[in-house]
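In what follows, a single structure is set out as structure tokens and then discussed.
The values are calculated or read from the model by the stated rules, or taken from the named source; none is laboratory data. Bear in mind the structure is a predicted one, so any value in this text is a computation, not a measurement. Neighbour counts are summed over all protein chains in view; Cβ atoms, including those assigned to glycine, are modelled from backbone coordinates with ideal geometry. For the accessible areas, the whole protein counts, side chains as well, though only heavy atoms, and no ligand, DNA or RNA atoms are used. Shrake-Rupley method; radii C 1.70, N 1.55, O 1.52, S 1.80 Å.
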Amino acid sequence: MKRIYVFLLICLVTLSISCNNKFLEVAPEVALDEDKVFADPVLAAQFADNAYRYRPDDYLRWTGITGTSQVTDEAVGTDITSNLIYTFQKGLYHDHALINPTSLSDRYQLNEVSGVWTMCYTGIRIANKMLPRIDQVAWTAEQNPGRIKGEMYYLRAFMYFELIKRFGGVVIIDKAYLPTDDIDFPRSTYDECVAFILKDIEKAIAALPDDYDQANYGRATAGAARALKSRLLLYAASPLHNMSGDAAKWKAAADAAKAVMDMNKYTLHPIYSEILSPPGNGTTNEYILIKVRGPKDPSYPMLSVVSPGSGGRQGEFNPTQNHVDLYEMSNGLPITDPKSGYDPANPYAKRDPRFYANILYNDAPWQSRKMQMWDGGSDYTSNNAAYTTTGYYCRKMWPEVFKTPFTQNALLNFVFFRYGEILLNYAEAQNEAVGPDASVYSAINQLRSRSAMPDLPDGLTKDQMRVRIRNERAVELAFEDHRLYDAQRWKKGVEIIAQPIYGINVVKNTNGTFTYTPRKLTEFYQRVFEEYMHLYPIPKTEIQKSKNMVQNPGW
């Protein structure tokens with residue numbers, strides 16, 4: 001830990017604030033004397049804004065230049081030349097440190113172990129540098145020091161949460177040390193970290209506004225701080241960190257989610273398929289906090305999820321059959337229920353409408369044609385790593401307007417918090433605290449109603465409701481950066497991640513019909529997950545720096 005804060009004070013020469021919500025589009029960084037920065041209120045405000053740029057704020061972070069993988073049942077990567085994919089799927093997280101960005105030019109390469117550790121502590125350093133000096137700055141009427149202080153508390157809390165959800169208890173640093181200081185501190189416990197984060201959140205709630213004008217859209221709000229509290233306490237109440245099943249922790253998590261709901265500020269966006277890229281200016285009342293993604297160049301790595309035959313560059317992020325099987329029939333019954341009407345010969349008929357919003361499957365209507373997922377079809381070639389290995393593509397991550405040649409661009413927003421998650425958080429926590437009361441049903445049924453799904457059946461037991469809520473999270477929040485962490489906090493990684501991974505084999509018959517046969521993927525795509533993997537390993541470099549840094553058990 002000794003070298004984690006060797007940090008050159010930087011500030012931003014100019015800050016572009018525009019009507020298209022890009023308040024963090026900034027000029028190149030330059031080194032300036034610290035006293036000069038805080039003597040100038042404009043530079044001080046820009047220095048504070050710089051902390052925003054060190055959040056994990058893009059999807060598919062288990063990624064590299066040559067391949068993308070997901071380590072849950074949601075999706076697999078297809079580029080078998082990538083050693084990165086192998087490290088994820090075989091549980092070799094320690095080796096996922098090939099890229100450790102220290103500049104923002106390679107943010108899209110940010111990895112989940114050493115990259116997140118480094119970036120979050122860098123952002124924490126900025127907040128720690130800013131907080132004690134806010135009251136020393138000669139602010140003008142154009143700045144809002146109270147709001148800036150609230151943002152610093154929020155961002156520090158957010159980054160510490162991102163650390164503890166991966167690593168468990170971490171070293172708490174609450175002030176900026178000099179490079180010559182000895183900061184070889186031991187890790188705090190998980191509960192100590194939660195308590196520290198909660199204090200920052202409460203300070204942020206008190207200082208932050210509920211809304212901003214359009215030019216400042218994307219800054220932290222009081223609603224975002226409350227949403228962070230909801231997520232923090234949900235994780236703290238979950239089996240990984242609440243082995244005794246303390247109902248008080250679940251009640252605290254339910255109360256935190258209810259506080260967001262009681263703001264009466266957020267509502268569900270009416271069209272589920274627009275969650276990541278709604279029309280207009282990219283805003284919706286479902287968003288609590290997002291990062292607006294403007295038009296993207298076709299080379300942007302996130303836009304590599306669909307096959308060349310469907311407008312993409314190559315299919316690197318492909319849903320598994322395991323994930324597809326989680327979608328209920330439109331009558332609300334799981335496909336395993338004999339009364340559901342599920343037909344293996346016509347597996348994509350009459351499914352939960354969220355299936356059609358999230359998944360591209362054989363014969364799906366797409367870009368004025370139909371997907372061809374049989375071997376040799378335009379969207380599937382079994383011997384070509386540029387195409388899917390599962391028989392599916394991820395529609396949710398690919399706006400349909402992107403076609404080849406790329407004549408149009410589209411938004412693909414990164415959602416930090418949306419109201420749909422808050423309803424799920426509340427339902428899960430309330431069910432664990434008191435059982436499936438009417439408020440639990442109401443929260444889940446609001447989400448199902450938005451997608452024209454029937455309400456959950458009455459009379460579910462607490463255990464039965466838990467199963468339905470967990471499945472609802474998998475479907476509603478599909479590909480939105482939740483599934484892996486949910487599996488870990490539930491201590492269900494062995495059950496969910498290490499299960500055999502399947503795709504679908506599609507044969508086009510001479511009469512134009514199709515035959516569908518689930519197939520187990522090759523050994524390369526099968527996952528390894530042991531009990532100790534519910535927490536990430538502390539990066540090797542941090543262990544090597546410190547006498548006091550204790551590695552997580554099993555690693």
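In table form, for the structure just shown:
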{"read-out": "Kirkwood hydrodynamic radius of region 354-400, from inverse mean 1/r over distinct Cα pairs, in Å", "value": "10.9 Å"}
{"read-out": "Computed magnitude of the charge dipole of region 427-555 (debye, nearest 20; Cβ of K, R +1, Cβ of D, E -1)", "value": "440 debye"}
{"read-out": "Probe 1.4 Å, protein heavy atoms only - accessible area per residue of region 111-216 in square angstrom", "value": "36 Å²"}
{"read-out": "Interchain or long-range residues, amide H under 5 Å from Ile288's placed H", "value": "Phe417, Arg418, Tyr419"}
{"read-out": "Whole-percent carbon and sulfur share, accessible surface of region 117-190, 1.4 Å", "value": "50 percent"}
{"read-out": "Carbon/sulfur fraction of accessible area - region 469-518, other protein chains in place, 1.4 Å, %", "value": "49 percent"}
{"read-out": "Over 26 Å (Cα to Cα) - which of Lys339/Lys508; Lys36/Lys547; Lys165/Lys540; Lys175/Lys199 fall in this group", "value": "Lys339/Lys508; Lys36/Lys547"}
{"read-out": "Residues with amide H under 5 Å from that of Phe414, placed H, sequence gap 5 or more", "value": "Lys291, Arg293"}
{"read-out": "Accessible surface ranking that places the most exposed of Ile134, Ile271 first, with a 1.4 angstrom probe", "value": "Ile271, Ile134"}
{"read-out": "Projected label distance in nm at Glu34 and Asp246, using a 7 Å step from Cα toward the beta-carbon", "value": "3.7 nm"}
{"read-out": "Alpha carbon convex hull of region 491-555, volume per residue in cubic angstrom", "value": "110 Å³"}
{"read-out": "Net length gained if the chain between Asp325 and Ala138 were fully extended (0.36 nm per residue, minus Cα distance)", "value": "61.4 nm"}
